[in-house]
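Visitor: Please read through the structure below; I'll follow up with questions.
Quick note: the coordinates plus some simple rules give every number you see, no bench work behind them. Keep in mind that this is a model prediction, so the values were computed, not measured. Here the Cβ positions follow ideal geometry from the backbone for every residue, glycine too, while neighbour counts run over all protein chains shown.
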C-alpha cells in the first residue's frame, strides 16, 4: 500500500501529537482525562479558529499578519459597544463579523489590485487594527452582560467530568467548516490553484481577483470569530491582547503540515498543530518546574523540524518526478 | 554624489516637510540647547531615540536588497542585550560584554543566513523561527528577570556624549556611513543587488550567492546587536520581554519609506536611515502636537498603505497606459489601419 506523499506531513503531525500525548501520559497519568482534553480545547479555541483562516490564506500562498490585532480589536469593539449602547450581544457579534470580514476583503483587494506583497499589506492592516483598538480605548474593559455570562458557563459534561465548553465546540465547528470550504468547494479548489501558481490558476480559469478577496475575507471573518471567542474566554476587551498571535497561528499551520509556499496542506492538520502547541503548554503546567519560555523555544524547534520535513518531502517528490 | 542626492531627494523632502509641519504646530521643535556639555532638544531626541530603528534599518536594507526579510531583528536585540547584561553581571567587564553581544548577534545572523542560503527556506519563515523562539532564549539567559548592571562604561554607550552629541547618534551614523561606503566603494553593493534581482542569474555570473547571503544576514544580526547594546545600556538592564518588541516592523517600514523595493534589487542605505528618522519625527510630532499616542499606529498604517500604493508596480502600469492613451489621443490616428488578422 502506498500513501500519497502529500499526506506525510499530516501523518507526521498526528503521529507527533500521539507520541507527545503518550509521553505526557506516562509521566502524568492524569493527563489522560477528559478534563485535560476539555481544557486543551477550550484554552486553544481562539487560536484554533484563527488558524483555520490562516490555513486557507497560506494554502493560497499568501500570509495574513493582521489577525492578532484584529482579535484584540474585536474584543475591544465588543466590550465598548456593550458598555456604551444597549445593543444585544448577538447584534454586536453580527456587526463585528461584518467589520472584520470587510477589513479582510479590503486587504485582499489591495493585494490583488496593486500587486503588493500580502506580507506588507497585512502588516499595515496589523497596525491599523491595533491602532483602531487603541482609539476605542486604551484600558482593559470588562464585559458584564447576562448573555455573556450564559455563554461563558455553557458546557456539555463529557464522561469523566470533562467540560466541553461552547467555545471549544465553536472551534471544532470552525475547523469542520474550514475543511469543507477548502477541500470540497469550488472556492477551495481556487485557493489550492492559487497556491500552485497565480499564472497557472488564471489559465485554469480561476477568477484570481475574486478568490484573493474571498481568501482574506475568510481570514478576516475567522479573526473576528476568534475575537468573539477570546472575549468570551477572557470576559474583557483589551487593546494589548493577543500580541504575536499571528505568528503562533502561522506556526500552528506549518506544524499542521501545510506547506508555506502554498498549494498543499490540510485544514484538519492545523487542528493538530494547535493541539500540539497546547499540549506543550499543558505539559509545562503539569511539570511545574519548567519555565514558560521553554514553550517558545520548543515551538520554534518544532517549526524548524516541520519546515525541514517539508523541504525533504519536496526534494523527494521532485526526485521522483 | 549627485546621483545619490537625487535618489534620496524624495525622502529628504518628506522629512523636511514633516519637520516644517511639526515646527508649525510646536515652534520649539528645532530649538537646540547646549548645557552641561551636551546638546539637548527635540531634534537631538529624535536622532537619539531613532538610533535602534536606524541601526536595524541599515541591516534590513541589505537583507531586503537580496529579496529577503529579517523578522528576527527585534528578538536578536533582546538576545544580545541579555547576553551583554549577563556578561556584565558575571563580572567580566564592559569589553567582554560588547564582544559577547556582537558575537551573539553574528551567531543569530549566521543561523538565519544558513537557513535561507543553505537549506533554502524562504526568508519570512526562516527568520520567523528565531523571532518566536528567540525571546525564549533571551529569557533563558536572563532567567526571566530584568537583569540590571552598574557598569558606567557600558552605560556610556547608551547615555554618554562625545562633543555634546549622544553616543547612540554617533554609533548609528558611523554604522550607516561605514556600510554605505563598504557597499558603494566596492563591488559588494552591486553583488548584493544582483542576488536580489535574480539569484540563479547572479550565480551563473559567478557570484557566490550562498556566502554573500549568509554574510548579509550576519550583517543584519550585527546591526541588531548594536541596537541591542544601545537599548540595554540606555536603561542599564536587559528586558527579554520588551527589548526590541515591534521594532522589526518599524525597521521594515523605514526601509519601505526609504523607497527600497521589497522585491529586492537597488537599495540605498541613506534613504532607509532617513526613513527611520521620518518614522521617529512622526512619532515625536504626534506626541508634541498633543494627539494621544493611540493615533500613532493608525497614522503609521495609513502612511505605509499610501507609500505601497504609490510604489505599486500595477499602478505604474496603469499610469503608463493612461499616458499612452493621452498621447494616442493627441496624435492623429495612422491613416492606414492595420488589416484584420488572418
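Visitor: Rounded to the nearest 0.05, what FRET efficiency is calculated for residue B:90 and residue B:177 with R0 set to 25 Å and r the Cβ-Cβ distance?
Guide: 0.15
Visitor: To continue, here is another question. Can you order the peptides A:115-122, B:247-254, A:46-53, B:187-194 by their average number of other Cβ atoms within 10 Å per residue, highest first?
Guide: A:46-53, B:247-254, A:115-122, B:187-194
Visitor: Would you please give the FRET efficiency between residue A:210 and residue A:172, computed as 1/(1 + (r/R0)^6) with r the Cβ-Cβ distance and R0 = 35 Å, to the nearest 0.05?
Guide: Plugging the Cβ-Cβ distance into 1/(1 + (r/R0)^6) gives 0.75.
Visitor: Please state, rounded to one decimal and in Å, the Kirkwood hydrodynamic radius that the stretch A:5-320 gives when every pair of distinct Cα atoms enters the mean of 1/r.
Guide: Taking the inverse mean of 1/r over all distinct Cα pairs, the stretch A:5-320 comes out at 20.0 Å.
Visitor: So, one more: Hey, got the average number of other protein chain Cβ atoms within 10 angstrom for residues in B:227-238? Could you put the intermediate results ahead of the total?
Guide: Details: counts 0, 0, 0, 0, 0, 0, 0, 0, 0, 0, 0, 0.
Average per residue, whole number: 0.
Visitor: Measure out, as a whole number of angstrom, how far apart the alpha-carbon centroids of the stretch A:167-215 and the stretch B:225-253 sit.
Guide: 39 Å
Visitor: When a/c is below 1.5 the answer is rounded, else prolate if a/b is larger than b/c, else oblate, so apply that to the protein assembly as shown with a ≥ b ≥ c taken from the square roots of the Cα gyration tensor eigenvalues. Write out the running numbers ahead of the final one.
Guide: Details: a/c = 1.40, a/b = 1.15, b/c = 1.22.
Because its axes are fairly even, with a/c under 1.5, the protein assembly as shown counts as rounded.
Visitor: Convex hull volume of the Cα atoms in the stretch A:169-321, per residue, in Å³?
Guide: In the stretch A:169-321, the Cα hull volume divided by residue count equals 138 Å³.
Visitor: Using mean Cβ contacts within 10 Å as the protection proxy, how do B:3-10, B:108-115, B:32-39, B:271-278 order, highest first?
Guide: Top of the packing list down: B:271-278, B:108-115, B:3-10, B:32-39.
Visitor: How high is the relative contact order of the stretch B:10-291, in percent, with contacts defined as C-alpha pairs under 8 Å that are six or more residues apart?
Guide: Numbers: 537 pairs, mean separation 104.6, N = 282.
About 37 percent, as a whole number.
Visitor: For a test of the definition: using alpha carbon positions, the gyration tensor, and the 1.5 limit on a/c, classify the stretch B:10-291 as rounded, prolate or oblate.
Guide: Because a/c hits 1.5 or more and a/b fails to exceed b/c, the stretch B:10-291 counts as oblate.
Visitor: Also, quick follow-up: Just checking the output field for A:220-233: average partner chain Cβ neighbours within 10 Å of each residue's Cβ? Present the calculation step by step, with values, prior to reporting the outcome.
Guide: Values: counts 0, 0, 0, 0, 0, 0, 0, 0, 0, 0, 0, 0, 0, 0.
Average neighbour count from other chains, rounded to a whole number: 0.
Visitor: With the contact rule set at Cα under 8 Å and sequence spacing of 6 or more, what percent relative contact order holds for chain A?
Guide: 35 percent
Visitor: Then there is this: Using 1/(1 + (r/R0)^6) with R0 = 25 angstrom and r between the beta carbons of residue A:102 and residue B:309, what's the FRET efficiency to the nearest 0.05?
Guide: Result of the calculation: an efficiency of 0.85.
Visitor: Among rounded, prolate and oblate, which fits the stretch A:1-60 when a ≥ b ≥ c are the square roots of the eigenvalues of its C-alpha gyration tensor, a/c under 1.5 means rounded, and a/b larger than b/c means prolate?
Guide: oblate
Visitor: Now, a different point. Which whole number gives the average count of other chain Cβ atoms within 10 Å of the Cβ atoms across peptide A:294-305?
Guide: Per residue, the average neighbour count from other chains is 5.
Visitor: Given the peptides B:52-58, A:256-262, arrange them by the average over their residues of other C-beta atoms within 10 Å, most packed first.
Guide: The densest-packed peptide leads the list: B:52-58, A:256-262.
Visitor: Can you compute the helix-only [θ] at 222 nm over chain B? Use -39500 (n - 2.57) per DSSP H run of at least 4 residues, normalise by all residues, nearest 500 deg cm²/dmol.
Guide: Dividing the helical sum by the residues of chain B leaves -23500 deg cm²/dmol.
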